[in-house]
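Reading through the structure tokens given below for one structure.
The values are calculated or read from the model by the stated rules, or taken from the named source; none is laboratory data. The structure presented is a predicted model; accordingly, all values stated were derived computationally and were not measured. Note that each Cβ is placed from the backbone with ideal geometry, even for glycine, and that neighbours are counted across all protein chains shown.
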Amino acid sequence: MIPNKYFVIDFDSTFTKVEAFDVLAEITLKDHPEKEAIQTQIFDITNQGMDGSLSLRESIERRIQILAPNKSHLTQLVGHLKSLVSDSFNRNKEFFTTHASHIFIISNGFREFIEPVVTEFGVKKENVFANEFVFDDTGKVIGFNKDNPLSVNNGKTEQLKRLNLPGDVYVIGDGYTDYEIKHSGLANKFYAFTENVEREKVLAKADHVTPSLDEFLYLNKLNTVISYPKNRINVLLLEGVHPVAIELMKGEGFTVETYPAGLTEDELCEKIKNVSVLGIRSKTQVTAKVLENANRLMVIGAFCIGTNQIDLKAATKKGVAVFNAPYSNTRSVVELAIAQIIILIRNIPDKSNKMHQGKWDKSAKGSFEVRGKKLGIIGYGSIGTQLSVIAENLGMKVFYFDREEKLALSNAVKCKTLKELLQEADFITLHIDGNERNTNFIGASEFDLMKKGVIFLNLSRGHVVDVKALRENILNGKVAGCAIDVFPHEPISNDEEFISELRGLPNTILTPHIGGSTLEAQENIGNFVPGKLMDYINTGSTSISVNFPNLTLPILENAHRLIHIHNNVPGILARINQILAANGINIVGQYLKTNEHIGYVITDINKEYDKQVIKELRAIENTIKFRVLY
């Protein structure tokens, strides 16, 4: 308990995510023919009362008159409001129980629906001050207690005067009436709460804008379930990631900035200085130079399959975890590959071009069915295997080559060598990763091994094919058709010209890196990647990280979680435990996993510890990054 500090909290759009009268309108107008128009009217009246442009009493009277609620409606309302408590209030229930005697709910709303909600959090009934409905014998609301000071303008100020609290008063709310308490001189500070709604007139009057209760508790050094408010975690999402990703990150409480295109190295070096979470697609290059400037960066999310645009070694050295979406756009890439194979074997690109030039060239020459042809898949991962199954269903014979041992699906035949596949296949499609060792994986010598008239596809990474050699083999007829979706050098935005030696070649399909660019795939990725980023920030879990040891961790309760990232050298775990033991700290749970470069230690300890312990843990030699999760 902190003596002589009192906390006055608003209810509507602060304690709860909504204005109670808006929800009440939804309930009472359920079957009303003019429901939407009346709801809009209620919403407008509420806002006018909140920003001070309409007297409070008039705002209350007009809403009651329009809605004419009864006790059964209010019972339903309470049920709804209990499920609509603000997320940061739900996270910090301990604050309410610990400081129950010093927390006051002062609202221009009504006790009948406020008290049942807030008392579940430990707020005392006698500390709830609100208006009160007047009912008739049937339970219908016919008015309200007009003697209650909260039924008129400056009512909150008057109510607080009557309380005469003997100490410092801090007000948290979203409305002008909350600011009036501070303006009257009865409160030390007014915190404009913006987790649910922002009112410009209110923000301008606030001592501090607090996007969540976490922020308020952090500023005032009060107990909190998290070590750092999420609104202080800056997220930068580039290249027009799907809106669902933006909403998920904002919904978690992060401060999110978006940009529709990629950024150059110098632009990103400047932009990333205060960024904790970076989200990119395939165009943005996260180089060692960029990472040198990323002083606060914790995690990178690649909203695509590949991660070769990220310097993984530099990220690991910096203690930055990297996640991608290895499966979310698989179907989209497979469908494009199948479509391109069929289009190329029918020589459609050239026929279509002639049609645009006014030339009618109806002929079956050079056009074939895919049925019975041999498809060679290089890279038998999630895309290669799904392509294999669909190709077989179209009647193709499937051969595949992979450096790793992969189980064949259905009737697919594994080739022992790349040479065997290149000599056997009528169609060759690449689905390998962007590892540096795969640079020019297919070059002049590989094209020499292929059949004359082969159809060639690359939907993996641009640098895995020697483009000059590909051009020569298209022009000499060895490659009868090709589809290329990825290139060694790609424009950073849609405004930049695409330059390639492959432009203008016969029976050649060039697409702007859109293998996974379908609305379904982008939505899947938009849901998947933020989940991994938030799991890492919230629990420390590194499941499917491409550069960190993979750990799946449980949600922690009633303890602190310490995350220690260090160079993979002997003795670090022992040193961590020595420090904890020397300070009499009990370990609730501990997890360690290493890879070639780093060690990742998660230690859950009982809640009480001296801040000096954190300093000692940070000071361990070979520490890369350390953070307290809760």
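Total residues in region 166-221 satisfying the condition of being of a type in the set (G, A, S), without any contact (Cβ under 8 Å) to a residue 24 or more places away in the chain and surrounded by 22 or more Cβ atoms within 10 Å (Cβ to Cβ): the figure is 1.
Taking into account only those residues within region 252-273 that are in contact (Cβ under 8 Å) with a residue 60 or more places away in the chain and under 15 Å from the mean Cα position of the chain (by Cα), which is farthest from M534 (Cα to Cα)? Restricting to residues being in contact (Cβ under 8 Å) with a residue 60 or more places away in the chain and under 15 Å from the mean Cα position of the chain (by Cα), the top hit is G253. Return yes when D214 is within 14 Å of V171 (Cα to Cα), in the same structural domain as N154 (by TED's automatic domain parsing) and among the acidic types (D, E) and no when it is not. Considered against the rule, which asks whether it is within 14 Å of V171 (Cα to Cα), in the same structural domain as N154 (by TED's automatic domain parsing) and among the acidic types (D, E), D214 comes out as no.
Scan T97, T75, T157, T119 and give me the residue that is of a type in the set (V, I, T) and surrounded by 18 or more Cβ atoms within 10 Å (Cβ to Cβ). Result: T157 is the single residue among T97, T75, T157, T119 that is of a type in the set (V, I, T) and surrounded by 18 or more Cβ atoms within 10 Å (Cβ to Cβ). Can you report the number of residues in region 530-553 which are out of contact with any Gly (no Cβ under 8 Å at 6 or more places or on another chain), of a type outside the set (V, I, T), assigned to a loop (DSSP other than H, G, I, E, B) and without any contact (Cβ under 8 Å) to a residue 60 or more places away in the chain? So the answer is 3.
Residue by residue, here is whether (1) more than 19 Å from G173 (Cβ to Cβ); (2) at pLDDT 85 or above; (3) part of a loop (DSSP other than H, G, I, E, B); (4) of a type in the set (D, E) holds:
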position	(1), (2), (3), (4)
I2	yes, no, yes, no
D12	no, yes, no, yes
V18	no, yes, yes, no
V23	no, yes, no, no
M50	no, no, no, no
S53	no, no, yes, no
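Among the residues of region 174-196, those that are more than 25 Å from E247 (Cα to Cα) and not small (G, A, S) comprise Y176, T177, D178, Y179, E180, I181, K182, H183, L186, N188, K189, F190. Taken together, T40, T28 contain a single residue that is more than 24 Å from F89 (Cβ to Cβ) and in contact (Cβ under 8 Å) with a residue 40 or more places away in the chain, which is T28.
Of the residues making up region 139-165, those that are touching a residue at least 24 places away in the same chain (Cβ under 8 Å), among the polar types (S, T, N, Q) and within 19 Å of F190 (Cα to Cα) number 4. Filtering region 252-274 to residues that are touching a strand residue (DSSP E or B) at 6+ places or on another chain (Cβ under 7 Å) and surrounded by fewer than 21 Cβ atoms within 10 Å (Cβ to Cβ) leaves T255, V256, E257, T258, K271, N274. Scanning region 397-408 for any residue that is outside the structural domain of I537 (by TED's automatic domain parsing), farther than 21 Å from G515 by Cβ and modelled with pLDDT of 95 or more turns up at least one such residue. The residues listed here are A261, A321; of these, the one that is modelled with pLDDT under 95, more than 30 Å from E392 (Cβ to Cβ) and not assigned by TED's automatic domain parsing to the domain that holds F193 is A261.
Within region 409-438, the residues that satisfy the criterion of being among the β-branched types (V, I, T) and either modelled with pLDDT of 95 or more or outside the structural domain of K374 (by TED's automatic domain parsing) (or both) are V413, T417, I428, T429.
Considering only region 515-524, I want to know if a residue exists there that is modelled with pLDDT of 95 or more, surrounded by 15 or more Cβ atoms within 10 Å (Cβ to Cβ) and either touching a Pro at 6+ places or on another chain (Cβ under 8 Å) or not assigned by TED's automatic domain parsing to the domain that holds L470 (or both). No, because not a single residue in region 515-524 is modelled with pLDDT of 95 or more, surrounded by 15 or more Cβ atoms within 10 Å (Cβ to Cβ) and either touching a Pro at 6+ places or on another chain (Cβ under 8 Å) or not assigned by TED's automatic domain parsing to the domain that holds L470 (or both).
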